[in-house]
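Engineer: What follows is a single structure, and I will ask about it in a moment.
The values are calculated or read from the model by the stated rules, or taken from the named source; none is laboratory data. A quick note: this is a predicted structure, and the numbers were derived from the prediction, not measured. Cβ atoms come from the backbone with ideal geometry, glycine included; neighbour counts cover every protein chain shown. Protein only, heavy atoms only, side chains kept; ligands, DNA and RNA dropped before computing areas. Shrake-Rupley method; radii C 1.70, N 1.55, O 1.52, S 1.80 Å.
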Amino acid sequence: MRPVYIIGIGQTVVGEQWERSLRHIAHDAIIPAMRDAQIERADALYVGNMLSGELTGQEHLGALIADFVGLRGIEAMKVEAACGSGAAALRMGYIAVAGGIHDVVIVAGVEKMTDTVGSVTTAGLAMAADQEYEAAEGVSFVALNALLMRRYMYEYNVPHAAFGYFAVNAHHNAAGNPYAMFPEPITLDTYRKAAMIADPINLMDSSPICDGAAAVVLASEPMARAFHNGRRRVRIAASAVATDSLAIHDRRDPLWLEAAWLSSQKAYSQAGISPADVDFFELHDAFTIMAALSLEANGFAERGRGVRLAEEGEITIEGRIPIATMGGLKARGHPVGATGVYQVVEAVQQLQGLAGRNQVHDANIGMTQNIGGSGATIITHILVGE
Amino acid sequence: MTVARTWRTRRQRYSLVGERCDHCHNAIFPPRDVCPYCAEPAQTQMALSGRGTVYSYTTVYDAPAGFGEFAPYPVALVKLEEGPMVTAQLTDVSPEEVTIGMPVEMVTRKIQEQGEEGVIIYNYKFRPQLQRQARAA
Ligand SMILES: [Zn+2]
């Protein structure tokens, strides 16, 4: 396998982009990424997206977006793995470059979620779950996470308020990210008083519905050398995908993200590192409970202790394992199919010293993890600054 | 849920018919034809008792399209006596009365109404067990 480098990044401000359509949002991330990489053509474009068909009536995003950004003619297709679609597209790009098929690949994640009314978006998001045996019961995606959170609180005797540290950290970090949807800090008091949406999940446990796109340009080593933009080189040291059942009720232990454990074990082994070597971790905090379960399944905390890590301040920029360093899904925002690419863009910013006041000191190894559904597809990437 | 899909899964929805694996003997619900425990074929039908306990629960306020008229409604993960877990709505109980570990039993209830021209969809829901003491005696 050939080494794969990230030679350009681009992203849009996350939020309600009423004036921009799906294709325009994709354009707004891809063109800056191409400019950043100083390329005019690529061998292929892989687009991560979950809900374009359901929410905008548009499928066939590969050709649509390739044409729209001036790349008519190249290989292009959409990659879908629910909320893990962004990292799934990155995985396809990685395979293409590492396998010697392509030399320069653009990977974009894009989602347009605000053209529809709430109940339609809610039903769309439930498509990440088992349609016949979860969604058919009228269970929303938020409710599925609420079921996990309630059980977690019961089994490990964790009060709801303790999860507030995840939300406070995410908002604190978003305040230093000009691309974040919610750049306003919140307090534990804000968290405690937030409106309940599916008890015990309140508004501050949950990531927002929003629009956004992010893009990266991948290159083989010779191309990375040819198109070097002067910044520190960032290599993808690991890329791994694992799966579990779509339905929570089909898992042997609902409070254990088996696919996170499987994919991170593969990733640690590819990169030749252990969790202790990771300088920061862009995890999938779609809900605070997912942040806790992710810290545990990836080896950063013992079972039932993920929330404790947040309480003890270990997840902040200065902590032992900084998470959501640019706001995470909670406060940067979670345009579902774009999220996995945002995570990687932010990891590159950290490794290249571009994170501003959110800069993790001495950041050399960053891990990103994108989750499809309530844990059915989990994709881990490890990035190394050289 | 389309008419065809509802019809296709009627044995599961109306009488909790799952499977038993002939190799490792685990009970399986919903039926899936390949045992999730040992990966061997599993197509022997088995009706589950419908009795179980609440593993976790919450309330849906912002319902997905098609369920809005019934919101808010309590939902739960129910651990069935035979082993499998099932996601379902709770009924005949107010959300504040639900607890983890509460014994529940399956009943057939209306879950969706698709307007005057559409079909009414019935499904399993779970309610607090009625004859709990009688059985224990
Ligand atoms: Zn078996």
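Engineer: Highest GNM mean-square fluctuation, chain A, Cα pairs closer than 10 Å: which of A:LYS266, A:LYS78, A:LYS193?
Structural biologist: Maximum among the listed residues: A:LYS193.
Engineer: How large a share of the accessible area of the range A:237-386, in percent, is made up of carbon and sulfur atoms when the probe is 1.4 Å and the other protein chains stay in place?
Structural biologist: 46
Engineer: Another question about this same structure. Considering only Cα-Cα distances, which of the following residue pairs are longer than 24 Å: B:LYS79/B:LYS125; B:LYS79/B:LYS110; A:LYS78/A:LYS112; A:LYS112/B:LYS125; A:LYS266/A:LYS330?
Structural biologist: Beyond 24 Å: A:LYS112/B:LYS125; A:LYS266/A:LYS330.
Engineer: Also: Which Cα, out of A:ALA89, A:ILE315, B:GLN43, lies furthest along the positive dipole direction of the protein assembly as shown (beta carbon charges, K/R +1, D/E -1)?
Structural biologist: B:GLN43
Engineer: Among B:VAL107, B:TYR73, B:THR2, flag the residue with its Cα farthest along the positive direction of the charge dipole of chain B, charges on Cβ as +1 for Lys/Arg and -1 for Asp/Glu.
Structural biologist: B:VAL107
Engineer: DSSP loop (so not H, G, I, E, B), at most 11 other Cβ within 10 Å: list which GluC sites (Glu not before Pro) in the range B:35-125 pass both filters.
Structural biologist: B:GLU116, B:GLU117
Engineer: Here is a further query. Quick check: convex hull over the Cα atoms of the range A:83-151, volume per residue in Å³, rounded to an integer?
Structural biologist: Convex hull of Cα atoms, per residue: 131 Å³.
Engineer: Separate question: Determine the calculated [θ] at 222 nm for chain B from helices alone, applying -39500 (n - 2.57) to every DSSP H run no shorter than 4 residues and normalising by the residue count; nearest 500 deg cm²/dmol.
Structural biologist: Only helices count here, giving -2500 deg cm²/dmol.
Engineer: With a ≥ b ≥ c the root eigenvalues of the C-alpha gyration tensor of the protein assembly as shown, is it rounded (a/c under 1.5), prolate (a/b larger than b/c) or oblate?
Structural biologist: prolate
Engineer: Considering only protein heavy atoms and a 1.4 Å probe, what is the carbon-and-sulfur percentage of the accessible area of the range A:15-174?
Structural biologist: Carbon and sulfur atoms account for 51 percent of the accessible area of the range A:15-174.
Engineer: Which of A:VAL120, A:VAL107, A:VAL97 moves the most in a Gaussian network model of chain A with Cα springs under 10 Å?
Structural biologist: A:VAL120
Engineer: Counting Lys and Arg as +1 and Asp and Glu as -1, each charge on the Cβ, what is the dipole of the protein assembly as shown about the Cα centre in debye, to the nearest 20?
Structural biologist: Rounded to the nearest 20 debye, it is 480 debye.
Engineer: Residues of the range A:172-220 that become at least 30 Å² less accessible with every protein chain present than in their own chain isolated, using 1.4 Å: which are they?
Structural biologist: Buried on complex formation: A:ILE197, A:ASP199.
Engineer: Would you work out what percent of the accessible area of the range B:3-127, with all protein chains in place, is carbon or sulfur (probe 1.4 Å)?
Structural biologist: Its accessible area is 48 percent carbon and sulfur atoms.
Engineer: With a 1.4 Å probe and every protein chain left in place, work out the accessible area per residue of the protein assembly as shown in Å², rounded to a whole number.
Structural biologist: 38
Engineer: DSSP beta bridges in the protein assembly as shown, what fraction antiparallel, as a percent rounded to 5?
Structural biologist: Around 80 percent antiparallel, to the nearest 5.
Engineer: Give me the distance in nm between label points sitting 7 Å out from Cα along the Cα-to-Cβ direction at A:LEU188 and A:GLU59, one decimal.
Structural biologist: Roughly 4.9 nm, to one decimal.
Engineer: Oh, and also: Tell me the total accessible area that A and B bury against each other, 1.4 angstrom probe, in square angstrom rounded to 100.
Structural biologist: In total, this chain pair buries about 2900 Å².
Engineer: Rounded to the nearest 500, what is chain A's calculated 222 nm mean residue ellipticity when only DSSP H runs of at least 4 contribute -39500 (n - 2.57) each, over all residues?
Structural biologist: Value at 222 nm, helices only, nearest 500: -10500 deg cm²/dmol.
Engineer: DSSP loop GluC sites (Glu not before Pro) in the range A:294-338 with at most 11 other Cβ atoms within 10 Å of their Cβ, which ones?
Structural biologist: A:GLU302, A:GLU318
Engineer: Who wins for biggest fluctuation among A:GLY299, A:GLY164, A:GLY356 in a Gaussian network model of chain A, springs between alpha carbons below 10 Å?
Structural biologist: Result: A:GLY356 has the largest fluctuation of those listed.
Engineer: Separate question: When the accessible area of each residue in the range B:39-60 is compared between its chain alone and the complete protein assembly (1.4 Å probe; ligands, DNA and RNA ignored), which residues differ by at least 20 Å², being lower in the assembly?
Structural biologist: Listed by number, the residues meeting the 20 Å² cut-off are B:TYR55, B:SER56, B:TYR57, B:THR58, B:THR59, B:VAL60.
Engineer: Now for a separate question. Which Cys residues of the protein assembly as shown have no other Cys beta carbon under 4.7 Å away?
Structural biologist: Taking the Cβ cut-off of 4.7 Å, the unpaired cysteines of the protein assembly as shown are A:CYS83, A:CYS210.
Engineer: Using unit Cβ charges (K, R positive; D, E negative) and no other charged atoms, how large, in debye to the nearest 20, is the dipole of the range B:3-127 about its Cα centre?
Structural biologist: Rounded to the nearest 20 debye, it is 300 debye.
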